[in-house]
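First the structure, in the form of structure tokens, and then the observations on it.
The values are calculated or read from the model by the stated rules, or taken from the named source; none is laboratory data. Bear in mind that the values here come from a model prediction, so they are computed numbers and not experimental data. With ideal geometry, Cβ positions are generated from the backbone for all residues, glycine too; neighbour counts draw on all protein chains shown. Surface accessibility is based on the protein's heavy atoms, side chains included, excluding ligands, DNA and RNA. Shrake-Rupley method; radii C 1.70, N 1.55, O 1.52, S 1.80 Å.
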Amino acid sequence: MMPAISSLGSNLTEDSLSNKINNIKFKNTKNKDFYLCILDFSSKESCITISPIKVVKNENDKNIAEKYHWVGNLTGNIPQWHVTSDNLLYALNSLYFLYKKTEIKTLKDKIYNIVKLYYDDNPVIHIKKSKIIDQPSGKVYFFLPNNNEAHVKSKEFNKNYINKFLEDTKDNEYITRAVLYTIFVDGECIAEDKDYIKMLDSREIKEDEYYDGICSLCGSIGKVTANTKELKFKYYNTDKSSFASNMNGSYFKKNLSLCSNCYNNIISGEDYIFKRSASFAGMNLLMIPESLPFKDGDDLYIENIFNVNRDIILKNNEIAHIEDNLDGFYTIDLMFYRKHNNSFKILEFIPEIPESRMIKISKYMYKTSLKFKNVFDNFNYLTINGFYLSIKNTRNSNFNESLRMLSSLFNSKPIDRNYLIRIYLDRIRTDYYNNNINNITMYILQKYAYIEFLEKIDLTKENKKITGDNDMDSEIGNKTLDSGLNFIKNMNLPEESEGLFCIGYAIRYIGMILFKKKINNNPLLEKINYQGMNFRAVEKLMNQIDEKVKQYDIYGEEIAYVLYKAHFVLSKYTLVSSKWPINDAENVFLIMTGYSIENQFIFGKNKKTDNGDE
């Protein structure tokens, strides 16, 4: 992974600081304005002036983040010297820590008076008296220096001072609705100071931290460093000379040694991939390309690789866009992780996924989607994100199993179809007992489509396929299929699967007839065991369907065909039921899929229903 990140960083031509700029996070509050809150420290009047700049999501938020250099807060137990922050405490204390950190005389002189006046050589602001004065442009909050007042400890500062500040400013919308805070000194923006910007972009390592050695990454001989604390990832380190490439004990420092060029490339590459991280089902996702066919440092080409793969994973509804833009031969690493405060936990790392596999997944998901999308407008395109959620968002699934199946998809390893169907049935059973069966039929079609997709790319453990292999482009493209039965006939299903589809179709057809007779409950649905039904149970259900047809004088070409088809298929296995190729859970799932197809045609193909998790 480290060589890939270094290679990426070495091929970037844009300035490295732009890759560090973070996106502004907005609170999930509707119909409210948000602000960048400017805290202007005055060295003459002993006050801090509060003034706002309105921040609008998807309009000026990116420009605001770039202008005031919002690069995030420092991680770990490190003094927070960044003057732009989303944390009020960090912002108010930033000048003191910046003064302590910088060795640039012009910057140090600029903030010297503020540090002495407000902080008194301690990372706290002492309070003697405070008041708020209304002004046309906002409000002014006065802080007077301590003037020999008793020392205020950090804990007291955190607890008392901030609470007091928030209490006094609770009616100030610029504070309460601030998404960022930034520091000014006597009307001058510190975040735009050239010396401060230089510090943000600095990657220099002190000379005494370099030593003569061999770079672990590029193999060059010269000055190298083992100081990797600025790197976002902890790659590998050891203090045992027996692991070192150079066995001379006096020469050995640490096995992971980097020259300045590789060190800077890694930082550039890390900043680039973290800035382009995506949200995936409650997790964070990093994409790390390897062996990219770089085109003379073409940043737009590199950016396109990230955008296209993000579309494949999260959207997958623009197949032409994907095919036109994946023209290289490379692999991509996927890292799923969660970050909480200063902790960083890798949940799953999937290395070296070939570009060809990403294209294959994308194409088959898209083609399978069209089979249903061209008939049912409310059918959602299949996505990798949706596939993961279809496993995770069920009562009987577990987080680790969901990640394992996601990894299997990317690694082309077999996936247990029976397990998938059982967790899908759990959701179906829950909705049935909540009297919500008609609203979940689109969910069932979505999940059937995921099973069909897996079979198309040969990723199910079971050899016997239960879905169709005909995309029905000619018929579906013009939406000429006007009934659920015609749809089923054109799916090119295995004979046994079509028989089960017909059983489900018959149950829904009979339910429609009963509804017209003002009988609201469909007794045949009550005969289905959502835990699974073996072949004999399916035969028994078929006999009960026959009885209802006779009882209510239900006749017609469609019901006659499905009854014939179902009986024809089942009769082949009556004497050899052990050879029935479909298991108990799959029997129920396929019956309910047939039911769902007919239900969608009855209610109207465009009617909005429950689409499941996508």
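Just a few scattered comments:
- Each residue in region 575-602 was checked for being closer than 17 Å to Lys464 by Cβ, open to solvent by 20 Å² or more (accessible area, probe 1.4 Å) and touching a residue at least 12 places away in the same chain (Cβ under 8 Å), and 5 of them qualify.
- Options Tyr555, Tyr561: the member that is of a type in the set (Ser, Thr, Tyr), exposed (fewer than 13 other Cβ atoms within 10 Å of the Cβ) and assigned by the TED database to the domain that holds Asn492: Tyr555
- Being hydroxyl-bearing (Ser, Thr, Tyr), open to solvent by 50 Å² or more (accessible area, probe 1.4 Å) and closer than 14 Å to Tyr448 by Cα is a condition met by at least one residue of region 367-383.
- Set Thr75, Thr106: member being loosely packed, with under 14 Cβ neighbours inside 10 Å and under 27 Å from Phe306 (Cα atoms): Thr75
- Which listed residue is surrounded by 12 or more Cβ atoms within 10 Å (Cβ to Cβ), more than 16 Å from Glu270 (Cα to Cα) and at pLDDT below 80, from Ala226, Ala244: Ala244
- Ser18 modelled with pLDDT under 85, over 23 Å from the mean Cα position of the chain (by Cα), open to solvent by less than 70 Å² (accessible area, probe 1.4 Å) and not aliphatic (A, V, I, L, M): no
- Failed item in (1) at pLDDT below 85; (2) not in a loop (DSSP other than H, G, I, E, B), with Ser130 passing the rest: (2)
- Only one of the numbered conditions (1) more than 16 Å from Leu39 (Cα to Cα); (2) open to solvent by less than 80 Å² (accessible area, probe 1.4 Å); (3) modelled with pLDDT under 90 is violated by Gly138, and that is (1).
- Some residue of region 534-551 being at positive phi, out of contact with any Ser or Thr (no Cβ under 7 Å at 6 or more places or on another chain) and polar (S, T, N, Q): no
- Residue within region 39-46 that is modelled with pLDDT of 75 or more, out of contact with any strand residue (DSSP E or B) (no Cβ under 8 Å at 6 or more places or on another chain) and crowded, with 20+ Cβ neighbours inside 10 Å present: no
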